[in-house]
Amino acid sequence: MEILSPDGEIGSPLQAIGLLLVTLAGGLILLRGLAAQARDTGLGGLVTSLWRYDSAVALALVALALLNLVNQFTPLTGVFRPEVGDGGLIENLTITVMIFPAVIFLAHLLSGKPRRGHFGPSMMTALSLALLAGFGEEISWGQHWFGLAVPDAIAQANLQSEINLHNYIPPGMMEAIYFATGLVLLLIAANLRQILKSTEQVRGLLALRALLVLSAVLLCHHVFQELGELAVIIAGFLIWKRLDDGRLSLKPRWLKTLTAY
């Protein structure tokens, strides 16, 4: 079946097994989080902690994942990106959310007003440059937007004949990178209370933990990786915004100091 072996060599049934194992591990992490939340705040606190924007985002991503399965058999033009090229609702959402922090930081710089958020100017400059680079890679540096001609040397060497760097990475290596990223996200989700602290009365980390687990699961199979990228970007944006607004704080002192530069 193609769904178990997308793109030939990068799929293999091992990818499906990896997806299953990560899903099971993610489920255990969420069950542990549910039990801890119910123990600490009671049923009312548990419901309140789940009644958050993060939960709505996670549910929307689950619905899109189901649509993604449909897309494997009946292509949904305009929703998911084509095999070659850019475009589609999901990719456009990803690049839009990705660029938000850089745009907000640039607006502060142009306004000349002092910035009072958690992240310092050096960290925000580095983050903005990284996001701009990711934005450029995601849109192939405007190749499809502006109809840029691709030099023959790039067309022959690049896997999709696009002006970007990530398509020079062999497919098997790219799948390994995605899977490793998923495992890192699972570790972060499992240890979220040791990394972040909510400044709100009822701890708001359970829904965020669910979003991180879902991001990890989606990244671990080729079929869902476009959605996985969107989930990671949204989770990262929510954490960044809440840290900057003071609704979340970092627990490790070294990390708090580093991000404040």
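The values are calculated or read from the model by the stated rules, or taken from the named source; none is laboratory data. Just so it is clear, the structure is predicted and the values come from calculations on it, not from any experiment. Quick reminder, even Gly has a Cβ in these numbers, built from the backbone with ideal geometry, and neighbours come from all protein chains shown.
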Worksheet item: Applying the selection to the stretch 237-261, what residues are aromatic (F, W, Y) and in a loop (DSSP other than H, G, I, E, B)?
Response: Y261
Discussion item. Show me the helices (runs of 4 or more DSSP H) found entirely inside the stretch 115-178 where at least 2 residues are under 23 Å from L227 (Cβ atoms) and not polar (S, T, N, Q).
Written reply: 121-138, 143-146
Practice prompt. Report whether or not A189 is modelled with pLDDT of 95 or more, over 23 Å from V47 (Cβ atoms) and either buried (at least 24 other Cβ atoms within 10 Å of the Cβ) or touching a His at 6+ places or on another chain (Cβ under 6 Å) (or both).
Written response: no
Practice prompt. Find all pairs meeting these conditions: Cβ atoms under 7 angstrom apart; at least six residues apart or on different chains; first residue within the stretch 167-180 and farther than 17 Å from A216 by Cβ; second residue surrounded by fewer than 18 Cβ atoms within 10 Å (Cβ to Cβ) and acidic (D, E).
Written response: P171/D7; P171/E9; G172/E9
Discussion item. Exactly one condition in (1) in contact with an Asp or Glu (Cβ under 9 Å, 6 or more places away or on another chain); (2) free of Cβ contacts under 8 Å to residues at least 40 places away in the same chain is false for R253; which is it?
Written reply: (1)
Worksheet item: When only residues in the stretch 111-124 that are closer than 20 Å to W254 by Cβ and either out of contact with any Pro (no Cβ under 9 Å at 6 or more places or on another chain) or free of Cβ contacts under 8 Å to residues at least 60 places away in the same chain (or both) count, which is surrounded by the most Cβ atoms within 10 Å (Cβ to Cβ)?
Response: M124
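Yes/no matrix, rows are residues, columns are (1) part of a helix (DSSP H, G or I); (2) within 25 Å of G134 (Cα to Cα); (3) within 16 Å of the chain's Cα centre (by Cα):
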site: I29; (1), (2), (3): yes, no, no
site: G44; (1), (2), (3): yes, no, no
site: T48; (1), (2), (3): yes, no, no
site: A56; (1), (2), (3): yes, no, yes
site: L64; (1), (2), (3): yes, yes, yes
site: P75; (1), (2), (3): no, no, no
site: I90; (1), (2), (3): yes, yes, yes
site: I95; (1), (2), (3): yes, yes, yes
site: F100; (1), (2), (3): yes, yes, yes
